[in-house]
Structure formats: C-alpha cells, structure tokens
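Read through the structure below, which is laid out as structure tokens, and then see the notes.
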Amino acid sequence: MSQNRRLDHIMEIIERSGFVTTEQLVEHFQVTPQTIRRDLNELAKQNKLRRHHGGAGIDSSTVNAAYQDRKIMNLEAKERIAKSLVEHIPDGSSMFINIGTTTETIARALLAKHDLRVVTNNLHVASILSAREDFHIIIAGGEVRNRDGGIVGEAAVDFINQFKMDFGIIGISGIDNDGSLLDFDYREVRVAQSIISNSSQVLLAADHSKFGRNAMVRLGSIEQADHVFTDARPPRAIAQILNSHNIALHIV
C-alpha cells in the first residue's frame, strides 16, 4: 500500500473512533512502528489530527474521545502530573475530585496518603480510594453517565454546595489560549464550577494535549486555579495569564 493510501485509511479509522493507538495501526497495516509514527507525524503536520503519547486522535468541540481511549492517552504524563500534585496534599486533608481520567490517575497516587476526606462525582475515583480504610469517601448524588462513571446534574451541584474543602482537584478537557477552561457536557461543568467555588485551593491538572484543545462549554478561567500541574510549558499566552495572576505552574 502506498503512503498516501495508508494516510487516507488512517484518517478513516480515526474519524470513526476518535482515537487510535500506534500498536493498533501497526497491527492493522502490518508495518513497523517507525512507519506509523512517520505517517502520524505527517498527518499532524497537515493539521488533520493531534498526536498523543502512544497514538493519535482528532478533536471535536461537541464530542469527547471514548473513555477507554482517554484512559491510555498520555498516560505516562498523567502519572507524572499525579505524582507532583499529590506531593502538595498533606495527610488529613479534605478535597473534591471531579470527573476525568487524569483525576482517576491522581486518585491512584493519593493512595500513598493517610486520613483523607474526599467528596467526588466520579465513581471510578470513589472505587479507587475506597481501598484505604482510613479514607472517608463521599459520593455526590445525581445522574450517572454510563460512558465514564461521572455523576452530573442539578442534584450533584446541590450536593457539592453543602461542603467547603481544603482542595478542589480539577481535570479539564481543553484550555483555550485566552485561558478559558472548556468541557463537553454542561451538566459536568456545573458540578466543576461548584467544586471551584467551594475549595480553598484549586489544583488544575492538565497534560500538554489540553492546551489549545477545543470543547464547546466554558467551565471558567484558568485564573481561578491556584496551582496548574502539566508536563510541558504552556503556550505563551497562557503562561502570561498564569504569571500575571500569580498562579503557581508546576511542569513535571
């Protein structure tokens, strides 16, 4: 198969699934990983897709990538971010944790801590943290999204508003260059806004793929964060916002 035909076929696969791993493409085309990486780099150069660690995907402002695909996107970076963020959480702290595969990675890192109080609207986070007998886990009520175990809706917002916590640990789908925090589901956004409003400190976790990524619902502004944890230097416009608002930037 010629490279041009293979590039067209790769785009067809990604347009159907939203994300594909390098290994899946190697197996599909029976070529070397180096060949697939060159193909993906060429498509990224043409702005047809976005490269991720271990694969590639296309961005949509209305539909997020599938949960199982997001779990493996930039996993190594998410683990480094989680390790750095957890170092800022003292034993005995209270916190909110919102929906997302990044926050689930953070939850696994939090297992090294002691005596935490956690309110979450993420069933996976609650399941991970419930392994520790000295943790107190409270799950928000509301509608459960079956695609990712997130709890959303007005009941979840009302529930979150009953608490005031030391930390709000927030994952996000996209960050615009003007600092807007973006997501896909307005119901999820309402819950995250409540978490931010009721947290003494807001810790935002976002790997490099979130910078410049588009999503249709505005959650808030990066100015509302106290700390930003990421794996690469953000674009200049965002870095200037962080600097002008004295927001601590942690690059892992």
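Scanning the range 93-125 for residues that are farther than 21 Å from SER197 by Cα and either open to solvent by 10 Å² or more (accessible area, probe 1.4 Å) or of a type in the set (S, T, N, Q) (or both) returns THR101, THR105, ARG108, ALA109, LEU111, ALA112, LYS113, HIS114, ASP115, LEU123, HIS124.
Taken as a whole, the condition of being of a type outside the set (D, E, K, R) and crowded, with 20+ Cβ neighbours inside 10 Å applies to ILE175. The single condition from (1) open to solvent by 30 Å² or more (accessible area, probe 1.4 Å); (2) touching a His at 6+ places or on another chain (Cβ under 8 Å) that SER200 fails is (2). Return the residues of the range 228-252 that are under 14 Å from ILE81 (Cβ atoms) and crowded, with 18+ Cβ neighbours inside 10 Å; say none if nothing qualifies. Selection gives VAL228, PHE229, THR230, ASP231, PRO234.
Among the residues of the range 32-58, how many are touching a residue at least 12 places away in the same chain (Cβ under 8 Å) and in a loop (DSSP other than H, G, I, E, B)?
Quick first cut of the range 32-58, residues touching a residue at least 12 places away in the same chain (Cβ under 8 Å) only: 36-37, 39-40, 42-44, 48-50, 52-58.
Checking which are in a loop (DSSP other than H, G, I, E, B) leaves us with 48-49, 53-54, 58.
So the answer is 5.
The set of residues from the range 132-150 being over 18 Å from ASP183 (Cβ atoms) and open to solvent by less than 80 Å² (accessible area, probe 1.4 Å) comprises ARG132, ASP134, PHE135, ILE137, ILE138, ILE139, GLY141.
The values are calculated or read from the model by the stated rules, or taken from the named source; none is laboratory data. Note that the coordinates shown come from a computational prediction; the quantities given were computed from them, not determined experimentally. Cβ: placed from backbone, ideal geometry, glycine included. Neighbour counts: every protein chain shown. Each accessible area value is taken on the protein alone, full model and side chains, heavy atoms only, with ligands, DNA and RNA left out. Shrake-Rupley method; radii C 1.70, N 1.55, O 1.52, S 1.80 Å.
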